[in-house]
Amino acid sequence: MTSRFENIQFSALARAGEGLTQWRPLVMGFITMVVCGLLVVASQWLASSVGGFAGAIFFGLAMLLVAVVFFSGISAVGVMLMDKAQNVAVRGFSDAAFAGLLCVPKFLGLMLLSFFAALLFYLVAAIIYFICKIPVLGAVLAFVVHPVLIVVASVLIVAWMCVIMPLFAPAVWSGLGFKAALASVVGIARSRLVEVVLMQVVLYFIMMVITGLLLMGLLPAAISLTGMGASVMGVNLAYLGIMGLGALSSMGQMGSVAGLVMGLGVLLGVIAALLWQVAVMGQNLLYLQANASIDSTQAEAALNGVWNDVRKRAEDAKDRAMAAAERAKQMAAEKAQEVAAANEARKVAAAEQAQQQAALAAERDAARLKAEAEQQAHMAATAQMDAEQQARDAAIAAQQEAAARAAEELQEQANAQRAAEQVESQQAAQSPACTQCQEPVSPSDVFCGNCGKKLH
C-alpha cells in the first residue's frame, strides 16, 4: 500500500491557496460574468421587441450563445490557473479566451458520451428487469441483480462526480485533445483511483481551512460595519430585511444604502470567485500529481482500440443496415408487384361485379318498369270502368230525372184537371138545377127543359 502512495505528494495541494493571488483569472471571470449579463439583458430586450414565435427562437439562440460564452470564460480561467500550476507564464486574456473556446466542444463531447453511456446502462437494466418478469426464476434473479445494479450505478455516479469530471477538465485545460484527455482520465481511474479520492478529501480539507480563515475575519467585519453604516445612515436593517429595498425610498436613503448593499454584494462575489479559483487550482494540481507517473499511452491505445472497435461495429451495423435496407427494398418491390397484381385482380373482379350489378340493376329496372306499366294499365282499366260506371250512373240518373219530370208533369196535369173539375163543380153548384134530373136551368125558367118539371 505504501508503494502506491509514495509517488503522491499531498503537500503539493497546499499550492491551491495560490488561487487567491491570481488577479488575471479573477478579471477574466469578472469579464465573463459582465458579458453574459449584457447578453442576457440584450437578448431579453430584443426578444420582447420582436415578440411571438420568432422572438422565442431568437431568445433561445441568444441563451445558447450565453452558454458558450460562459463555459468559454470558465475554461479560460481554468487554462490560466493550469499555467500557474505548471509554473509557466500565464497566458494573456485573448489567448486564454481562445483556448477556453476550444475547450467547449470537448466538454460537449464528454456530456454526449456520458449521456449515451447512461442510456446504455439503463437500457441493459431495463432488459434485465424485463427478464425478471419470468415467474419464480425472475424473483430470484431480481433478488440478485437489483442490488448489483444499484451498486454499479452508484459507483458510476461517484466516478463521474469525483474522478471523471474533476480530472477531465484539467486534462483539457492542459492542452490535451478529447481522446488524449479521456485516455488520461481512464488511466488515472484504472491505476490510482484510491489515491485520487484521498487527494480529493485533502483538497476539500484545504478548501474548508481557507474558507474558514476568510470568513473568520470577513464575516464579523461585514456584519458589524454593515450594521454601523446602516445605523449612521438612519436605516433599520431588520426593517429593511422585512420590507425590502423598496422601503429605502420612503426613508430618503436610497442611494447611500443601495451603494452599501451593492458594495457588500460585490465583495461577497469576489470572495466566492477567489474560493472557486482555489478549488480549480487544487484540481489542476491534483491532476498533475495523479498524471505524473501515469503512462496514458496504453490507455489511449486501448481507447483507440475501443473507438476503432466501436467504429468497426458501427460500420458493420451500417453495412448490415444497408443490406437489410436493400433486402427490404427488394421485398418491397416484390410486395409492390404482388400488390399491383392483386389490385389488378381486384379491379377485374370489381369490373365483373360491376357488370353483374349493372345487369341485376337493369333486370330490376325492367321488372320495375313492367310492374309500373301493368299498374298503369290496371289503373287505366279501373279508370275506364269507373268512367263507364259513371256514365251508366249518369244515364240512370238522367232517366230517373226524366221520369220524375214526366211524373211531375202528369201530376201537374192531374192536379189541373182536378182543379178544373172542382171549378166546374163549384160553378155547377152555384148555378140552379132541376131537382129531378139535376139539369141546369136558368133562374127565369118556369119549367125544366129536360124533364118538363115545373120549377116554380
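Out of curiosity, is LEU26 in a helix (DSSP H, G or I), loosely packed, with under 13 Cβ neighbours inside 10 Å, at negative phi and not small (Gly, Ala, Ser)? Give the derivation first.
Details: in a helix (DSSP H, G or I): yes; loosely packed, with under 13 Cβ neighbours inside 10 Å: no; at negative phi: yes; not small (Gly, Ala, Ser): yes.
When the stated conditions are applied, LEU26 does not pass them.
Kindly provide the set of residues from the range 168-182 that are surrounded by 23 or more Cβ atoms within 10 Å (Cβ to Cβ) and not aromatic (Phe, Trp, Tyr), ordered by number.
Within the range 168-182, ALA169, PRO170, ALA171, VAL172, ALA181, LEU182 meet the criteria.
Taking VAL79, is it in contact with a Cys (Cβ under 7 Å, 6 or more places away or on another chain), in a helix (DSSP H, G or I), of a type outside the set (Phe, Trp, Tyr) and buried (at least 17 other Cβ atoms within 10 Å of the Cβ)? Steps first, please.
On the way: in contact with a Cys (Cβ under 7 Å, 6 or more places away or on another chain): no; in a helix (DSSP H, G or I): yes; of a type outside the set (Phe, Trp, Tyr): yes; buried (at least 17 other Cβ atoms within 10 Å of the Cβ): yes.
Taking the combined requirement at face value, the residue does not satisfy it.
Return yes when ALA222 is within 20 Å of ALA16 (Cβ to Cβ), assigned to a helix (DSSP H, G or I) and at pLDDT 70 or above and no when it is not.
Judged against the criteria, ALA222 is not a match.
Say whether the condition of being at pLDDT 80 or above, within 27 Å of GLN200 (Cβ to Cβ) and surrounded by 14 or more Cβ atoms within 10 Å (Cβ to Cβ) is met by at least one residue in the range 118-131.
Looking through the range 118-131, at least one residue is at pLDDT 80 or above, within 27 Å of GLN200 (Cβ to Cβ) and surrounded by 14 or more Cβ atoms within 10 Å (Cβ to Cβ).
Of ARG313, ARG327, ARG368, which residue is on the phi < 0 side of the Ramachandran plot, at pLDDT 80 or above and surrounded by 10 or more Cβ atoms within 10 Å (Cβ to Cβ)? Spell out how you get there, then give the answer.
On the way: ARG313 fails: at pLDDT 80 or above; ARG327 fails: at pLDDT 80 or above.
Exactly one of ARG313, ARG327, ARG368 is on the phi < 0 side of the Ramachandran plot, at pLDDT 80 or above and surrounded by 10 or more Cβ atoms within 10 Å (Cβ to Cβ), namely ARG368.
Would it be correct to say that GLY212 is assigned to a helix (DSSP H, G or I) and over 30 Å from ARG91 (Cβ atoms)?
Working: assigned to a helix (DSSP H, G or I): yes; over 30 Å from ARG91 (Cβ atoms): yes.
So GLY212 fits the description; yes.
Return the pair list, or none, for Cβ contacts closer than 6 Å from residues in the range 177-203 that are in contact (Cβ under 8 Å) with a residue 12 or more places away in the chain to residues that are of a type in the set (Phe, Trp, Tyr) and surrounded by 14 or more Cβ atoms within 10 Å (Cβ to Cβ), at least 6 apart or on different chains.
Taking only residues 6 or more apart or on different chains, the pairs are ALA181/PHE168; VAL185/PHE168; VAL202/PHE10.
Taking the conditions exactly as written (in a helix (DSSP H, G or I), more than 21 Å from SER231 (Cα to Cα), modelled with pLDDT of 75 or more and within 45 Å of the chain's Cα centre (by Cα)), does LEU288 satisfy them or not? Give the steps one after another, and end with the answer.
Numbers: in a helix (DSSP H, G or I): yes; more than 21 Å from SER231 (Cα to Cα): yes; modelled with pLDDT of 75 or more: yes; within 45 Å of the chain's Cα centre (by Cα): no.
Spelling it out, it is not the case that LEU288 is in a helix (DSSP H, G or I), more than 21 Å from SER231 (Cα to Cα), modelled with pLDDT of 75 or more and within 45 Å of the chain's Cα centre (by Cα).
Just give me the residues in the range 184-234 being surrounded by 12 or more Cβ atoms within 10 Å (Cβ to Cβ), polar (S, T, N, Q) and farther than 22 Å from LEU288 by Cα, in sequence order.
Across the range 184-234, the qualifying residues are THR211, THR226.
Determine whether GLY55 is under 28 Å from ALA273 (Cα atoms), modelled with pLDDT under 80 and part of a helix (DSSP H, G or I). Outline the logic, then answer.
Working: under 28 Å from ALA273 (Cα atoms): no; modelled with pLDDT under 80: yes; part of a helix (DSSP H, G or I): yes.
No: the conditions fail for GLY55.
Please specify each residue of the range 154-170 satisfying the condition of being over 18 Å from LEU112 (Cα atoms) and modelled with pLDDT of 85 or more.
Across the range 154-170, the qualifying residues are SER154, PRO170.
So in the range 126-140, with the set limited to residues that are within 35 Å of the chain's Cα centre (by Cα) and not β-branched (Val, Ile, Thr), which one is farthest from ALA153 (Cα to Cα)? If you could, list the steps in order and put the result at the bottom.
Keep residues of the range 126-140 that are within 35 Å of the chain's Cα centre (by Cα), which gives 126-133.
Remaining after also requiring not β-branched (Val, Ile, Thr): 126, 129-130, 132-133.
Values: ALA126: 13, TYR129: 15, PHE130: 18, CYS132: 19, LYS133: 21 Å.
The qualifying residue farthest from ALA153 (Cα to Cα) is LYS133.
The values are calculated or read from the model by the stated rules, or taken from the named source; none is laboratory data. As the structure is a prediction and not an experimental result, all values here were calculated from the model. Note that each Cβ is placed from the backbone with ideal geometry, even for glycine, and that neighbours are counted across all protein chains shown.
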